[in-house]
Amino acid sequence: MVKLDILSDPICPWCYIGKANLDRALEQVGDHPFIVEWHPFQLNPDMPAEGMDRRAYMEAKFGGQEGAVKAYLPVAEHAQKAGLTLNLDKIARTPNTLNAHRLIHWAGIEQKQTPVVSALFKAYFVEGRDIGDAEVLADIADTAGMDASVVTRLLGSDADMDDIRARDAHSREMGVNSVPTFIVAQQHAVPGAQPVELWVQVIADIKAQMEQANGA
């Protein structure tokens, strides 16, 4: 098996698109070699704990309404190609995602990371829910088969906050400055929302190398 480490943020539209393309490739190939692990990277590590009004945040980030609209045109186009729904008009607030990353970390301990990541993307981009809110996160945990009461208690503490921040900072120190970033076999970094065809090719190459190694 081959480790596929994915650095992402659940409010990053390119991460949502990148995951959808990877999912389609894995479905297409069927028998793939990847063991997937998700890692924290906050797009906005300085976001206030309570989040911000989304429109105000987007306009500040992209230099006004026109800049924000322009920035999201390619996002909308690629999301459509990936077969995704983006209900951006439903999103009232841009949250701080530290708690969402803590939930992803705890989900990993229970081997439930990918379902939780999928549920976070859906909650934010499709349903417009505030994934900075502890109740929303506990509900997402519950639907993935985690114990919501334990998650609620953990979210009320500072458990693993420093660890998430340290892992995020370590990724930046290693040169990661945008997400999604996929790291194949702890060696090859693949940045950005890559198309399905690239992943199919990567998997084919890995399988060929494995067969060659087994035959040697």
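A compact table of results
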| item | result |
| --- | --- |
| Selection count, region 65-110, where residues are crowded, with 17+ Cβ neighbours inside 10 Å, of a type in the set (Gly, Ala, Ser) and assigned to a loop (DSSP other than H, G, I, E, B) | 1 |
| Helices (runs of 4 or more DSSP H) contained entirely in region 138-216, each with at least 1 residues that are of a type in the set (Val, Ile, Thr) and under 19 Å from the mean Cα position of the chain (by Cα) | 161-173, 196-215 |
| Where a residue in region 188-215 is surrounded by 11 or more Cβ atoms within 10 Å (Cβ to Cβ) and its partner, wherever it lies, is part of a loop (DSSP other than H, G, I, E, B) and among the hydroxyl-bearing types (Ser, Thr, Tyr), with Cβ under 7 Å and at least six apart | PRO191/SER178 |
| Pair list, Cβ < 8 Å and 6+ apart or interchain, from region 122-142 residues that are touching a residue at least 60 places away in the same chain (Cβ under 8 Å) to residues that are among the small types (Gly, Ala, Ser) and crowded, with 20+ Cβ neighbours inside 10 Å | ASP130/GLY51; ILE131/ALA100; ILE131/ALA123; GLY132/GLY51; GLY132/ALA100 |
| Matching residues in region 15-51 - criterion: being within 19 Å of VAL75 (Cβ to Cβ) and surrounded by fewer than 19 Cβ atoms within 10 Å (Cβ to Cβ) | ASP23, ARG24, LEU43, ASN44 |
| Test: residue in region 114-127 that is touching a Gly at 6+ places or on another chain (Cβ under 9 Å) and within 21 Å of ILE6 (Cβ to Cβ) | yes |
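Table: residues versus (1) under 19 Å from ARG93 (Cα atoms); (2) in contact with a Leu (Cβ under 6 Å, 6 or more places away or on another chain); (3) not in a helix (DSSP H, G or I).
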site: ILE6; (1), (2), (3): no, no, yes
site: GLY18; (1), (2), (3): no, no, no
site: ALA25; (1), (2), (3): no, no, no
site: GLU37; (1), (2), (3): no, no, yes
site: ASN44; (1), (2), (3): yes, no, yes
site: GLU50; (1), (2), (3): yes, no, yes
site: TYR57; (1), (2), (3): yes, no, no
site: ALA60; (1), (2), (3): yes, no, no
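Conditions tested, residue by residue: (1) modelled with pLDDT of 95 or more; (2) farther than 25 Å from GLN113 by Cα; (3) in contact with a His (Cβ under 9 Å, 6 or more places away or on another chain).
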residue	(1), (2), (3)
GLY18	yes, no, no
ARG24	yes, no, no
ASP31	no, no, no
PHE41	yes, no, yes
PRO48	yes, yes, no
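The values are calculated or read from the model by the stated rules, or taken from the named source; none is laboratory data. On a predicted model such as this, the values are computed, not experimentally measured, just so you know. We place every Cβ from the backbone using ideal geometry, glycine too, and count neighbours over all the protein chains shown.
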